[in-house]
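What follows draws every value from the coordinates through simple rules; no lab data is involved. Because the structure is predicted, anything quoted here is derived from the model rather than measured. Note: ideal-geometry Cβ built from the backbone for every residue, glycine included; neighbour counts use all protein chains shown.
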């Protein structure tokens, strides 16, 4: 009887097996990572979209407050409720809200004790960039004060008198850029303000 002696062969992985294993590992790791990255990006966009909507809504409310401020002055002066003095002051083409009726404006509550609405000229969109105020005594968290922290948002408010002494169309457009996207995102809110006490 003859015995054939063969040397001990250690089994290992071939190059092809190794490449296949690496490919499977990459698929397992990269797939969930890309899903997580896309989810984070979508979440960031949704947060900014919600914030933009609330900023646009705030712009409409500030325009309404501007109208009501004129009405309160008229009431305090003891004038007749039915007159149009307050409305005419609000829609005056060379009055306080002149910029809103031409190129668009920025509105915010002032820091004075009366809390009246302040108007910023928005001839250039850069003039209506919103800043985040860190001061606790500010009436508005988002402001046009350039000394505060810059945000991604720009808010422009336009007004158009639809019919004399009756109603004004107010439009608030908030725009921003998300991450590395080239396109500017925007949201628009509109409302009508009426000459509530006019004849």
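Before moving on, here are some points about what is shown:
- Cβ-to-Cβ counts within 10 Å put 67, 129, 155, 177 in ascending order as 177, 129, 67, 155, the fewest first.
- Mean separation of Cα contacts under 8 Å (6+ apart) over length of the range 16-194, as relative contact order %: 19
- The C-alpha radius of gyration of the range 16-194, expressed as a fraction of 2.2 N^0.38 Å, stands at 1.46.
- Förster-model FRET efficiency, 22 Å R0, residue 149 and residue 177, C-beta, rounded to 0.05: 0.85
- Whether the range 107-181 is rounded, prolate or oblate, judged on the alpha carbon gyration tensor where a/c under 1.5 counts as rounded: oblate
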